[in-house]
Amino acid sequence: MRQSGRDNGSTVGPHPPPEGAPALSVDNLRAYYLTHYFGVEREVRAVDDISLVVRRNEIYGLAGESSCGKTTFLKTVAAAVRPPLSVIGGSVQYAFLDRDLYALNPAKLSAIRWRRLSYITQGSMNVLNPVRRVRESFIDFAYRHMGLKRRPFFAAVNEHLQRLHLAASVLDAYPHELSGGMKQRVTIALATICRPEFIIADEPTTALDVIVQKDVLAMIREAQQQIGSSMLFVTHDMTVHANIADRLGIMYAGRLVEEAPTADIFANPKHPYTAHLVASLPRIGEQSRKESLSGAPPNLANPPSGCRFHPRCPLAMEVCREASPALTTLAPGRRVACYAASPLVKPSPTAERVAGATHRAERVGLVQ
Amino acid sequence: MAAYALYVLRRSGQFVLVVFVGINIAFFVTHATPIDPITAAIAAATRFSQADPQAVQLTREALRELYGLQGNLWQQYVVFWMRVARADFGPSLSAFPTPVSTLIWRALPWTFGLLSVATLISWGLGNLLGGLAGYYRRNVPLKLVGVVASGLQPIPNYVMAFIVLVLFGYVWPILPITGSSQINLPQGWTLAYFQSVFQHALLPVLSLVLVGTGAWFIGMRALVSNIVTEDYVAYAELGGVDRWRILISYVMRNALLTQVTGLALSLGLIFNGAVITEVVFGYPGLGNLLIRAVYAGDYSLVIGIASTSIIAVAFAALVIDLVLPLLDPRVRVA
């Protein structure tokens, strides 16, 4: 039934209307790191009850400080889960799949990787095999998906590189012969060569200087528009989000606390944490000191009760300590989880889960 | 390409230097031995008869000249290098008058065969199994191989040689335990002779392989379990790259670089192990010859064998070093 919106081709453009058909629907997703060392069981709730929708042909930005669970969330929606991380509950539905991502067998999963779902990981500097030429990496990753003979395959690769303003000579280079920015571009080319419907990008520009970062962002944007795919883009850098994301989700301590179109987040942040993130951005001509948030990110093995932000929140009330606020829709496309933001926000019925519950449906995406 | 040629040149220069220093050490160490080969030879000749002291003195002079031992140490040194330059180590003192080079040429093929077969098998098998065990961490048969390998690896070569000898020569006597072939069989290109050589080589090779495989296995398993956490392996798995392709071209291929270097470094040790194994199994190789030469105070033979093995080991290390830059594109040859 989700496929019904696939022929909705009118949403092409940098800022699609918010009513575009969903490409990815995540519902109540929970993924915990379960460790068992020296007789002590620990669960780190890195992704705790996240629901969101990424629409067709949009770039959904996910922001938040380090260790808030951004990367874990990406791994979970990419089925790149391996112990000690395991998916505890929730569903991950892609429009191009007729069932939940975790209902796929390994062969099916392998068949959609790169063809329909590709992933630009954190630390893209080291994702290319140091003893293989770039050409061989393209063969390894893309050849089986393209269904072409060698010659037309490399013609397609060359054409793709050209579209992304890369010289064909990079194919004959070893990774160590490329600069950081070049490696990043090659990785992006590798992730987009099969024209996947969905691209997951995890801090693809973090290791680059701002000039190269600008070019790489433009390239990502260009590739995404050429293909017309959807993208989930994670970085802690709000300025990058301002440049690339259509919509923005703010994560704090494993939960989504606010979601809105990018411009609205920057113009009118509702959640106190978001407000702080936005206020921390420097503006030209500004003289005042930036206030830093007191306290440290919470320990996800033993998160605070109620709203996880309350120990650091300037607006914390009694109710914040007791019950976790639900991510509530205030206006179309605008969700927030803060009692102070609106009286509409009520305690979440699904957020609290009994710690150490016996039912653990461990689902592992990568077979090892 | 010019850079590689330069590298070959420099590495070859290093090879020459290593060989020169090694042979020098062999020369001075053997000349520091308290056993005097001339006295030993005369004692052997005059054991059962009275000898005229003047004749003994003349024999002593003649032998001294024949053995290249006239003059002081410095003069002997010069004579020695002039001979070595012509690949002539003089006559053997204990098997007089057979030239040292003849003895060495007779023994060398046996040692070379034993060593190369045992090293190839243990390096190849150890790396293959170790790579698989590091990649498929939960595979039970491979875990068992790991337990066995950890048990075998610390056993010294000589102990392993005796264990194998007792097991297959006495407890379950199915294989010949000494020599290189059946004694009454004529040497030649006959099937029977080759069968005999093969049978006689089994136990020495087995004892070397058991210990060697264990060591390579453990090294490779540790390497691979590190490499599988590298970003490029995780990424290839994420990209749905074929698992055998990942295992071979991503994991093993990167571990291979270290293991080839390890092979170059351990060649000397492998040779030492072979010496002991040859003695235990009475195998007619260089190791056996060397031990006999040492006991007989046979200077020239000891120096000859030492020099040959220095050249052989240094040459093998040279070949590996020359291959390594071709395996690893990151090694800059400049």
Between A:MET125 and B:TYR136, what is the label-point separation in nm under the 7 Å Cα-to-beta-carbon projection? 3.6
Students often forget the sequence filter, so: which lysines lie under 30 Å Cα-Cα from A:LYS214 once same-chain residues fewer than 8 apart are removed? A:LYS70, A:LYS75, A:LYS183, A:LYS270, A:LYS290
For the stretch A:12-132, just say rounded, prolate or oblate: build the C-alpha gyration tensor, square-root its eigenvalues into a ≥ b ≥ c, call rounded for a/c under 1.5, and beyond that prolate if a/b exceeds b/c, oblate if not. prolate
Using Cα pairs under 8 angstrom and six or more residues apart, how large is the relative contact order of chain A, in percent? 21
Could you list, bin by bin from short to long, the percent of Cα-Cα pairs of the stretch A:73-191 in 10 Å steps? 12, 38, 31, 17, 2
Please report, to one decimal in angstroms, the Kirkwood hydrodynamic radius of the stretch A:252-315 built from all distinct Cα-Cα pairs. 13.3
FRET E, pair B:TYR77, A:SER179, Förster distance 51 Å, beta-carbon r, rounded to 0.05: 0.35
Could you pull the Cα extents of the stretch A:201-262 along its three principal axes, largest to smallest, in whole Å? 30, 27, 16
Virtual spin-label span in nm between B:SER12 and A:LEU281, 7 Å along Cα→Cβ: 6.5
Shielding of A:74-86 by partners, i.e. mean partner chain Cβ atoms within 10 Å per residue? 1
Please list the equivalent ellipsoid semi-axes of chain B, computed as the square roots of five times the alpha-carbon gyration tensor eigenvalues, in descending order and whole angstrom. 46, 27, 15
Over chain B, what is the mean sequence separation of C-alpha contacts under 8 Å (at least six apart), divided by residue count, expressed as relative contact order in percent? 28
Given R₀ = 60 Å, FRET efficiency for A:VAL210-A:PHE96 by Cβ-Cβ distance, to 0.05? 0.95
When the chain is fully extended, how far beyond the present Cα-Cα distance does B:HIS31 get from B:SER49, taking 0.36 nm per residue of separation? 3.5 nm
In nm, give the distance between the simple-model label positions of A:ARG82 and A:LEU344, each being 7 Å from the Cα along the Cα-to-Cβ direction. 4.4
Distance cut-off 29 Å, percentage of C-alpha pairs in the stretch B:107-297 lying past it: 34
Please tell me the relative contact order of the stretch B:143-274 in percent, rounded to the nearest whole number, where contacts are Cα pairs under 8 Å and at least six residues apart. 27
Report the calculated FRET efficiency for B:LYS143 and A:ARG221 (r = Cβ-Cβ distance, R0 = 41 Å), to the nearest 0.05. 0.25
Stokes-Einstein D for the protein assembly as shown, Kirkwood Rh over Cα pairs, 20 °C, 1.002 mPa s (µm²/s): 69
What are the semi-axes of the equivalent ellipsoid of the stretch B:221-334, taken as the square roots of 5 times the eigenvalues of the Cα gyration tensor, listed largest first and rounded to whole Å? 42, 16, 9
Normalised alpha carbon radius of gyration of chain A [divisor 2.2 N^0.38 Å]: 1.01
Give me a single rounded figure for B:224-237: the average over its residues of other chain Cβ atoms within 10 Å of their Cβ. 4
With a 10 Å radius around each residue's Cβ, average the other Cβ atoms per peptide and rank A:187-197, A:140-150, B:4-14, B:230-240, highest first. A:187-197, B:230-240, A:140-150, B:4-14
Which percentage, to the nearest 5, of the DSSP beta bridges contained in the protein assembly as shown is antiparallel? 65
May I ask you to list the trypsin sites (Lys or Arg not before Pro) in the stretch B:222-278 that are in a DSSP loop and have at most 14 other Cβ atoms within 10 Å of their Cβ? none
Scanning chain A, every Cys lacking a C-beta partner under 4.7 angstrom -> A:CYS68, A:CYS194, A:CYS313, A:CYS338
First select every other residue whose beta carbon is under 13 angstrom from the beta carbon of A:ARG115; then total the charges, Lys and Arg +1, Asp and Glu -1. +4
Across the residues of A:128-140, average count of Cβ atoms on other protein chains within 10 Å? 5
Stokes-Einstein D for the stretch A:149-221, Kirkwood Rh over Cα pairs, 37 °C, 0.692 mPa s (µm²/s): 253
With all protein chains modelled, accessible area of B:TYR136 [1.4 Å, Å²]: 70
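The values are calculated or read from the model by the stated rules, or taken from the named source; none is laboratory data. All values derive from a computational prediction rather than experimental measurement. For neighbour counting, all protein chains shown are included, and Cβ atoms are generated from backbone atoms with ideal geometry for every residue, glycine included. Ligands, DNA and RNA are excluded from the accessible area calculation, which covers all protein heavy atoms including side chains. Shrake-Rupley method; radii C 1.70, N 1.55, O 1.52, S 1.80 Å.
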